[in-house]
1. Is there a residue in segment 105-118 that is under 24 Å from Thr87 (Cα atoms), in contact (Cβ under 8 Å) with a residue 60 or more places away in the chain and touching a strand residue (DSSP E or B) at 6+ places or on another chain (Cβ under 9 Å)?
2. Looking only at residues in segment 187-241 that are small (Gly, Ala, Ser) and over 30 Å from Pro170 (Cα atoms), which one is nearest to the chain's Cα centre (by Cα)?
3. Of (1) crowded, with 18+ Cβ neighbours inside 10 Å; (2) in a helix (DSSP H, G or I), Lys229 satisfies all except one. Which?
4. Looking at Arg92, Arg113, Arg9, can you tell me which residue is at pLDDT 90 or above and either among the small types (Gly, Ala, Ser) or more than 30 Å from Glu207 (Cα to Cα) (or both)?
5. Return the residues of segment 60-111 that are within 19 Å of Lys232 (Cβ to Cβ) and small (Gly, Ala, Ser); say none if nothing qualifies.
6. So which pairs qualify, if the first residue must be in segment 217-241 and in the same structural domain as Leu199 (by TED's automatic domain parsing) and on the phi > 0 side of the Ramachandran plot, the second must be of a type outside the set (S, T, N, Q) and in a loop (DSSP other than H, G, I, E, B), the Cβ gap must be under 8 Å, and the two must be at least 6 apart or on different chains?
7. Can you run down the residue pairs with Cβ atoms below 6 Å, 6 or more apart or on separate chains, where the first is in segment 64-91 and free of Cβ contacts under 8 Å to residues at least 40 places away in the same chain and the partner is part of a helix (DSSP H, G or I)?
8. For segment 210-219, indicate whether the set of residues that are modelled with pLDDT of 95 or more and under 22 Å from Val93 (Cα atoms) is non-empty.
Amino acid sequence: MSFLRLAQRSLLVARNLRLAACTAPIPATSIPWLAGDKSKAKSTDNIVPGSKQKLTDEASLQEYNKADTTMKTAVDWFKKECSGFETRASGRVTPAILSPVKVKLPDDPKEYRLEELATVGVREGTTLLITLFEGHNMKHVESALYTCDIPGVVPHKQDSLTIKVPIPKPTIEARHDLYNGAKKKAEEIRMQVRKQHTLSLKRGKFEKHSVEIEEFQKLTDRYIGEIDKILKDLQKATGAK
C-alpha cells in the first residue's frame, strides 16, 4: 500500500471518530439540572380529576344544599301535580282530583286547601261529595271549584253544607289536554331550576372551570332529567303524542 493511500485512510478514520463523538448521547449526570435528586420530582399519583372532586368549602356546601332543597321542592310539587293528572286521565274518581282547589276566604290572605274546610268522599264511583265544616264558607268553596281549572268539574249545591261534583269519564281530547297542561307546568319548573342554578353561581362567585361550577351543573342536570322523566311517564299514561 502506498504512503498516499495510507494517509487517506487515516484521515477517513479520524473523521468518522469525530462524527461519532458528536452524535453520541450525553449522560444525564453531565448536566447539572438533570443530575439532581429524583426524589424531589413532583408525583401526579395523588392528583384527583375535577370530575371526582367533592365540595369542601363550607360556603359552597351551604349554597349547594340551599340550591338542592329549592330544586327538589319544585320538582316534588310538579310530581304531585302530574300524579293528579294521571288519576284524572285514568278515569278513577278519588278525592285527589280536587287537590288543586284553593279556597280564598274574605279578610284572610291565606289560600286554604279544600280538605282544610271540608271532607271529600266518593259516591257511586262517579261523584265526589263535599261536606263543609261551616256553612258560611259555601259560596267561597263554590267559587273555588268553578275557577280551579279542572276540566269537567261542575259543582252542584245540595244543601247548606253539601256539594256534589259529578266527574265525567275523560275523553281522548281531555287526556291530551291534561298532558299539554303538564307540559306547560314542566317548562315553568325547568325555568325555576335553571334560575336557582344561575342564582347560586352568582352568589358563590366561583372560578371558571372550578369543581363548584361542575357540581352545580350536575345538580341542575339531575333535576331537569327528573322533570323530563315525570313528563314522559305522564305522556305514556295519557296516551298523548
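1. Looking through segment 105-118, none of the residues is under 24 Å from Thr87 (Cα atoms), in contact (Cβ under 8 Å) with a residue 60 or more places away in the chain and touching a strand residue (DSSP E or B) at 6+ places or on another chain (Cβ under 9 Å).
2. If we filter segment 187-241 for residues that are small (Gly, Ala, Ser), which is where we start, we get 200, 204, 210, 225, 237, 239-240.
In the following step, the residues that additionally are over 30 Å from Pro170 (Cα atoms) were identified as 200, 204, 210.
Working: Ser200: 14, Gly204: 19, Ser210: 20 Å.
Restricting to residues being small (Gly, Ala, Ser) and over 30 Å from Pro170 (Cα atoms), the top hit is Ser200.
3. That leaves (1) as the condition not met.
4. Just a single option satisfies the conditions, and that option is Arg113.
5. Ala74, Ser83, Gly84, Ala89, Ser90
6. none
7. Matching pairs, first to second residue: Gly84/Ala96; Thr87/Ala96.
8. Looking for residues that are modelled with pLDDT of 95 or more and under 22 Å from Val93 (Cα atoms), one finds none in segment 210-219, hence no.
The values are calculated or read from the model by the stated rules, or taken from the named source; none is laboratory data. This one's a predicted model, so the numbers in the text were calculated from it and none came from an experiment. Neighbour counts are summed over all protein chains in view; Cβ atoms, including those assigned to glycine, are modelled from backbone coordinates with ideal geometry.
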